[in-house]
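Let me begin by presenting the structure, written as C-alpha coordinates, before commenting on it.
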Ligand SMILES: [Mg+2]
(Lines give C-alpha, C1' and ligand atoms only; values in the text may rest on other atoms or scores of the structure.)
Protein backbone atom coordinates (compact mmCIF):
# COMPACT_ATOMS: atom_id res chain seq x y z
CA UNK A 1 0.00 0.00 0.00
CA UNK A 2 1.43 3.43 -0.88
CA UNK A 3 2.32 5.85 1.93
CA UNK A 4 -0.72 7.92 2.80
CA UNK A 5 -0.38 11.69 3.00
CA UNK A 6 -2.91 12.96 5.51
CA UNK A 7 -4.58 16.24 4.66
CA UNK A 8 -7.12 18.13 6.76
CA UNK A 9 -10.82 17.65 6.07
CA UNK A 10 -13.77 19.73 7.25
CA UNK A 11 -16.48 18.44 9.55
CA UNK A 12 -16.86 15.08 11.22
CA UNK A 13 -14.56 13.39 8.71
CA UNK A 14 -11.48 15.07 10.13
CA UNK A 15 -11.82 13.35 13.49
CA UNK A 16 -11.08 9.87 12.14
CA UNK A 17 -8.22 8.02 10.47
CA UNK A 18 -10.21 5.01 9.33
CA UNK A 19 -13.70 4.69 7.89
CA UNK A 20 -15.70 1.49 7.67
CA UNK A 21 -18.64 1.79 5.29
CA UNK A 22 -21.47 -0.65 4.91
CA UNK A 23 -22.41 -1.11 1.22
CA UNK A 24 -26.13 -1.81 0.64
CA UNK A 25 -28.08 1.29 1.61
CA UNK A 26 -24.90 3.32 2.24
CA UNK A 27 -22.88 3.34 -0.97
CA UNK A 28 -25.56 2.01 -3.33
CA UNK A 29 -28.97 0.44 -3.61
CA UNK A 30 -28.93 -2.28 -6.25
CA UNK A 31 -27.11 -0.79 -9.23
CA UNK A 32 -27.93 2.80 -8.23
CA UNK A 33 -25.13 4.67 -6.47
CA UNK A 34 -26.38 6.83 -3.57
CA UNK A 35 -26.00 10.63 -3.51
CA UNK A 36 -22.41 11.89 -3.11
CA UNK A 37 -21.09 8.41 -2.22
CA UNK A 38 -18.51 8.30 -5.01
CA UNK A 39 -17.13 11.79 -4.32
CA UNK A 40 -17.02 11.26 -0.56
CA UNK A 41 -15.24 7.90 -0.77
CA UNK A 42 -12.66 9.22 -3.20
CA UNK A 43 -12.09 12.40 -1.20
CA UNK A 44 -11.50 10.47 2.00
CA UNK A 45 -8.92 8.27 0.30
CA UNK A 46 -7.23 11.22 -1.42
CA UNK A 47 -7.01 12.87 2.01
CA UNK A 48 -5.06 9.87 3.28
CA UNK A 49 -7.81 8.17 5.22
CA UNK A 50 -8.04 4.40 5.32
CA UNK A 51 -11.34 3.09 3.95
CA UNK A 52 -12.85 -0.36 4.45
CA UNK A 53 -16.16 -1.72 3.26
CA UNK A 54 -18.06 -4.04 5.56
CA UNK A 55 -21.04 -5.95 4.20
CA UNK A 56 -23.27 -8.71 5.47
CA UNK A 57 -24.26 -9.43 1.89
CA UNK A 58 -22.60 -12.73 0.97
CA UNK A 59 -23.74 -12.70 -2.66
CA UNK A 60 -20.43 -11.60 -4.21
CA UNK A 61 -16.68 -12.09 -3.75
CA UNK A 62 -14.39 -9.31 -2.56
CA UNK A 63 -13.03 -9.10 -6.10
CA UNK A 64 -16.56 -8.64 -7.48
CA UNK A 65 -17.36 -5.92 -4.94
CA UNK A 66 -14.17 -4.08 -5.86
CA UNK A 67 -15.11 -4.28 -9.53
CA UNK A 68 -18.63 -3.04 -8.80
CA UNK A 69 -17.32 0.00 -6.92
CA UNK A 70 -14.68 0.74 -9.54
CA UNK A 71 -17.41 0.65 -12.20
CA UNK A 72 -19.25 3.28 -10.13
CA UNK A 73 -16.10 5.44 -10.05
CA UNK A 74 -14.76 4.59 -6.57
CA UNK A 75 -11.09 3.74 -6.18
CA UNK A 76 -11.32 0.31 -4.47
CA UNK A 77 -9.18 -2.83 -4.04
CA UNK A 78 -10.42 -6.31 -2.96
CA UNK A 79 -8.41 -6.09 0.29
CA UNK A 80 -10.62 -3.21 1.43
CA UNK A 81 -13.73 -5.42 1.52
CA UNK A 82 -14.76 -7.30 4.63
CA UNK A 83 -17.72 -9.49 3.65
CA UNK A 84 -19.74 -11.99 5.64
CA UNK A 85 -18.82 -14.62 3.03
CA UNK A 86 -15.10 -14.09 3.55
CA UNK A 87 -15.48 -13.86 7.34
CA UNK A 88 -17.39 -17.15 7.24
CA UNK A 89 -14.58 -18.74 5.24
CA UNK A 90 -12.02 -17.51 7.81
CA UNK A 91 -14.15 -18.82 10.67
CA UNK A 92 -14.57 -22.25 9.05
CA UNK A 93 -10.83 -22.50 8.44
CA UNK A 94 -10.41 -22.51 12.21
CA UNK A 95 -13.48 -24.64 12.98
CA UNK A 96 -13.22 -27.43 10.38
CA UNK A 97 -10.59 -29.65 8.80
CA UNK A 98 -8.94 -28.39 5.59
CA UNK A 99 -10.91 -29.45 2.53
CA UNK A 100 -14.05 -30.25 4.55
CA UNK A 101 -17.27 -30.63 2.55
CA UNK A 102 -19.89 -27.88 2.74
CA UNK A 103 -23.48 -27.68 1.53
CA UNK A 104 -24.24 -24.07 0.63
CA UNK A 105 -27.61 -22.36 0.50
CA UNK A 106 -26.26 -19.23 -1.12
CA UNK A 107 -25.02 -17.57 -4.26
CA UNK A 108 -21.91 -18.11 -6.42
CA UNK A 109 -19.92 -15.41 -4.61
CA UNK A 110 -20.25 -17.21 -1.29
CA UNK A 111 -19.34 -20.56 -2.85
CA UNK A 112 -16.30 -18.99 -4.51
CA UNK A 113 -14.98 -17.50 -1.25
CA UNK A 114 -15.41 -20.87 0.48
CA UNK A 115 -13.61 -22.69 -2.35
CA UNK A 116 -10.80 -20.12 -2.22
CA UNK A 117 -10.47 -20.95 1.49
CA UNK A 118 -9.93 -24.61 0.55
CA UNK A 119 -13.36 -26.14 1.12
CA UNK A 120 -15.23 -28.49 -1.16
CA UNK A 121 -18.77 -27.45 -2.08
CA UNK A 122 -21.15 -30.40 -2.46
CA UNK A 123 -24.49 -30.34 -4.22
CA UNK A 124 -25.86 -33.42 -2.43
CA UNK A 125 -26.02 -34.15 1.29
CA UNK A 126 -26.33 -37.94 0.83
CA UNK A 127 -24.86 -40.43 1.32
CA UNK A 128 -22.04 -38.42 2.90
CA UNK A 129 -23.24 -35.75 5.33
CA UNK A 130 -21.26 -32.50 4.82
CA UNK A 131 -19.37 -30.98 7.75
CA UNK A 132 -21.52 -27.85 7.66
CA UNK A 133 -24.47 -26.20 5.98
CA UNK A 134 -23.60 -22.58 5.16
CA UNK A 135 -26.53 -20.23 4.57
CA UNK A 136 -26.45 -16.80 2.95
CA UNK A 137 -28.73 -14.80 0.70
CA UNK A 138 -29.98 -17.08 -2.07
CA UNK A 139 -32.24 -15.56 -4.70
CA UNK A 140 -32.84 -19.09 -6.07
CA UNK A 141 -33.89 -20.50 -2.69
CA UNK A 142 -36.20 -23.50 -3.05
CA UNK A 143 -38.07 -26.15 -1.09
CA UNK A 144 -35.61 -28.75 -2.41
CA UNK A 145 -32.58 -26.83 -1.04
CA UNK A 146 -34.41 -26.28 2.23
CA UNK A 147 -35.09 -30.02 2.50
CA UNK A 148 -31.43 -30.88 1.81
CA UNK A 149 -30.21 -28.37 4.39
CA UNK A 150 -32.69 -29.72 6.92
CA UNK A 151 -31.57 -33.32 6.34
CA UNK A 152 -27.87 -32.46 6.66
CA UNK A 153 -28.31 -30.46 9.86
CA UNK A 154 -30.56 -33.08 11.47
CA UNK A 155 -27.88 -35.63 10.53
CA UNK A 156 -25.16 -33.68 12.36
CA UNK A 157 -23.85 -31.01 9.98
CA UNK A 158 -23.08 -27.65 11.62
CA UNK A 159 -25.52 -24.84 10.86
CA UNK A 160 -23.64 -21.66 9.91
CA UNK A 161 -25.25 -18.41 8.70
CA UNK A 162 -23.29 -15.66 6.97
CA UNK A 163 -25.77 -13.16 8.44
CA UNK A 164 -29.36 -12.86 9.57
CA UNK A 165 -30.50 -9.57 8.00
CA UNK A 166 -34.28 -9.77 7.61
CA UNK A 167 -34.32 -7.40 4.65
CA UNK A 168 -32.09 -6.22 1.86
CA UNK A 169 -32.50 -2.72 0.33
CA UNK A 170 -32.98 -3.00 -3.43
CA UNK A 171 -33.32 0.04 -5.68
CA UNK A 172 -36.96 0.88 -4.97
CA UNK A 173 -38.04 -1.50 -2.19
CA UNK A 174 -36.91 -3.87 0.53
CA UNK A 175 -36.43 -7.51 -0.49
CA UNK A 176 -36.06 -10.58 1.76
CA UNK A 177 -32.55 -10.87 3.21
CA UNK A 178 -30.49 -13.93 4.17
CA UNK A 179 -32.28 -13.97 7.52
CA UNK A 180 -35.45 -15.17 5.80
CA UNK A 181 -33.65 -18.27 4.46
CA UNK A 182 -31.89 -18.79 7.79
CA UNK A 183 -35.25 -18.63 9.60
CA UNK A 184 -36.77 -21.22 7.26
CA UNK A 185 -33.93 -23.65 7.98
CA UNK A 186 -33.99 -22.88 11.71
CA UNK A 187 -37.73 -23.61 11.76
CA UNK A 188 -37.36 -26.84 9.79
CA UNK A 189 -34.56 -28.13 12.04
CA UNK A 190 -35.43 -26.62 15.41
CA UNK A 191 -31.81 -25.46 15.60
CA UNK A 192 -30.19 -22.07 15.86
CA UNK A 193 -27.32 -21.18 13.51
CA UNK A 194 -23.97 -19.73 14.36
CA UNK A 195 -24.19 -16.26 12.76
CA UNK A 196 -20.91 -14.79 11.49
CA UNK A 197 -21.90 -11.37 10.08
CA UNK A 198 -22.78 -8.10 11.80
CA UNK A 199 -23.60 -7.59 14.67
CA UNK A 200 -21.29 -10.50 15.59
CA UNK A 201 -17.94 -8.83 16.50
CA UNK A 202 -16.18 -11.79 14.91
CA UNK A 203 -16.48 -10.15 11.49
CA UNK A 204 -14.14 -7.28 12.52
CA UNK A 205 -12.08 -8.91 15.27
CA UNK A 206 -9.25 -10.11 12.97
CA UNK A 207 -8.77 -6.54 11.72
CA UNK A 208 -8.72 -5.10 15.22
CA UNK A 209 -6.31 -7.77 16.47
CA UNK A 210 -3.91 -7.03 13.61
CA UNK A 211 -4.09 -3.30 14.28
CA UNK A 212 -5.61 -2.55 10.87
CA UNK A 213 -8.64 -1.00 12.58
CA UNK A 214 -8.17 0.97 15.80
CA UNK A 215 -11.67 1.35 17.24
CA UNK A 216 -11.21 4.80 18.79
CA UNK A 217 -9.79 6.27 15.56
CA UNK A 218 -12.44 4.71 13.32
CA UNK A 219 -15.90 5.77 12.17
CA UNK A 220 -18.34 3.05 11.14
CA UNK A 221 -21.12 4.21 8.80
CA UNK A 222 -24.16 2.02 8.24
CA UNK A 223 -27.88 2.08 7.43
CA UNK A 224 -29.15 -0.55 9.87
CA UNK A 225 -29.47 -0.17 13.61
CA UNK A 226 -29.61 -3.90 14.45
CA UNK A 227 -26.45 -4.82 12.53
CA UNK A 228 -24.15 -1.86 11.72
CA UNK A 229 -24.81 0.33 14.72
CA UNK A 230 -25.18 -2.58 17.16
CA UNK A 231 -21.79 -3.95 16.03
CA UNK A 232 -20.06 -0.57 16.32
CA UNK A 233 -21.39 -0.07 19.83
CA UNK A 234 -20.32 -3.58 20.89
CA UNK A 235 -16.77 -2.86 19.72
CA UNK A 236 -16.75 0.77 20.99
CA UNK A 237 -16.31 2.12 17.47
CA UNK A 238 -17.83 5.60 16.94
CA UNK A 239 -20.71 5.25 14.47
CA UNK A 240 -23.02 7.16 12.18
CA UNK A 241 -26.35 6.06 10.75
CA UNK A 242 -27.07 7.21 7.21
CA UNK A 243 -30.71 7.51 6.19
CA UNK A 244 -30.29 6.31 2.58
CA UNK A 245 -31.05 2.65 3.37
CA UNK A 246 -33.18 0.64 5.78
CA UNK A 247 -33.46 2.65 9.04
CA UNK A 248 -35.57 5.77 9.38
CA UNK A 249 -35.39 8.73 11.79
CA UNK A 250 -38.45 7.34 13.61
CA UNK A 251 -36.64 4.06 14.23
CA UNK A 252 -33.71 5.95 15.75
CA UNK A 253 -36.11 7.69 18.12
CA UNK A 254 -37.40 4.36 19.43
CA UNK A 255 -34.16 2.35 19.25
CA UNK A 256 -32.73 0.60 22.33
CA UNK A 257 -29.57 2.15 23.83
CA UNK A 258 -27.23 -0.40 22.26
CA UNK A 259 -28.50 0.49 18.78
CA UNK A 260 -28.16 4.27 19.06
CA UNK A 261 -25.72 5.95 16.67
CA UNK A 262 -23.70 9.01 17.72
CA UNK A 263 -24.54 10.79 14.47
CA UNK A 264 -27.39 10.61 11.93
CA UNK A 265 -26.53 11.61 8.35
CA UNK A 266 -28.97 12.38 5.55
CA UNK A 267 -26.37 11.19 3.05
CA UNK A 268 -22.61 10.67 3.09
CA UNK A 269 -21.85 14.31 2.26
CA UNK A 270 -22.88 15.17 5.84
CA UNK A 271 -19.48 13.75 6.88
CA UNK A 272 -18.00 17.04 5.69
CA UNK A 273 -20.44 19.31 7.49
CA UNK A 274 -21.20 22.76 6.06
CA UNK A 275 -18.18 22.79 3.77
CA UNK A 276 -19.72 19.99 1.78
CA UNK A 277 -20.86 21.94 -1.27
CA UNK A 278 -17.51 23.64 -1.68
CA UNK A 279 -15.64 20.38 -1.34
CA UNK A 280 -17.85 18.36 -3.65
CA UNK A 281 -17.96 21.13 -6.28
CA UNK A 282 -14.18 21.22 -6.38
CA UNK A 283 -13.62 17.47 -6.35
CA UNK A 284 -12.06 16.26 -9.60
MG1 LIG B 1 -26.78 -1.91 4.69
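The values are calculated or read from the model by the stated rules, or taken from the named source; none is laboratory data. Bear in mind that the values here come from a model prediction, so they are computed numbers and not experimental data. With ideal geometry, Cβ positions are generated from the backbone for all residues, glycine too; neighbour counts draw on all protein chains shown.
Quick check on the range 16-33: of everything there that is within 16 Å of the ligand (Cβ to nearest atom) and surrounded by fewer than 20 Cβ atoms within 10 Å (Cβ to Cβ), which residue is nearest to residue 263 (Cα to Cα)? Working first, answer last.
Let us first name the residues in the range 16-33 that are within 16 Å of the ligand (Cβ to nearest atom), namely 19-33.
Checking the rest, the ones that are also surrounded by fewer than 20 Cβ atoms within 10 Å (Cβ to Cβ) come to 30-33.
Working: 30: 25, 31: 27, 32: 24, 33: 22 Å.
Filtering the range 16-33 for residues that are within 16 Å of the ligand (Cβ to nearest atom) and surrounded by fewer than 20 Cβ atoms within 10 Å (Cβ to Cβ), the one nearest to residue 263 (Cα to Cα) comes out as 33.
Residues that are without any contact (Cβ under 8 Å) to a residue 60 or more places away in the chain and either surrounded by 14 or more Cβ atoms within 10 Å (Cβ to Cβ) or in contact with a strand residue (DSSP E or B) (Cβ under 8 Å, 6 or more places away or on another chain) (or both): find the strands (runs of 3 or more DSSP E) completely inside the range 70-187 holding 3 or more of those.
The qualifying strands (runs of 3 or more DSSP E) are 101-105, 120-122, 132-135.
Hey, among the residues in the range 245-258 that are assigned to a helix (DSSP H, G or I) and more than 14 Å from the ligand (Cβ to nearest atom), which one's surrounded by the fewest Cβ atoms within 10 Å (Cβ to Cβ)?
Filtering first and then ranking leaves 257.
Can you pull out the residues in the range 216-229 that are within 13 Å of the ligand (Cβ to nearest atom) and surrounded by fewer than 23 Cβ atoms within 10 Å (Cβ to Cβ)?
226
Does residue 232 count as touching a residue at least 24 places away in the same chain (Cβ under 8 Å), within 24 Å of residue 16 (Cα to Cα) and part of a strand (DSSP E or B)?
no
What are the residues in the range 164-178 that are within 13 Å of the ligand (Cβ to nearest atom) and farther than 16 Å from residue 103 by Cα, if any?
Kept after step one, since they are within 13 Å of the ligand (Cβ to nearest atom), are these residues of the range 164-178: 165-170, 174-175, 177-178.
Correct list: 165, 166, 167, 168, 169, 170, 174, 175, 177.
Considering every residue within the range 41-63, establish whether at least one is away from the ligand (no atom under 14 Å from the Cβ), outside the structural domain of residue 220 (by TED's automatic domain parsing), surrounded by fewer than 17 Cβ atoms within 10 Å (Cβ to Cβ) and farther than 19 Å from residue 202 by Cβ.
yes
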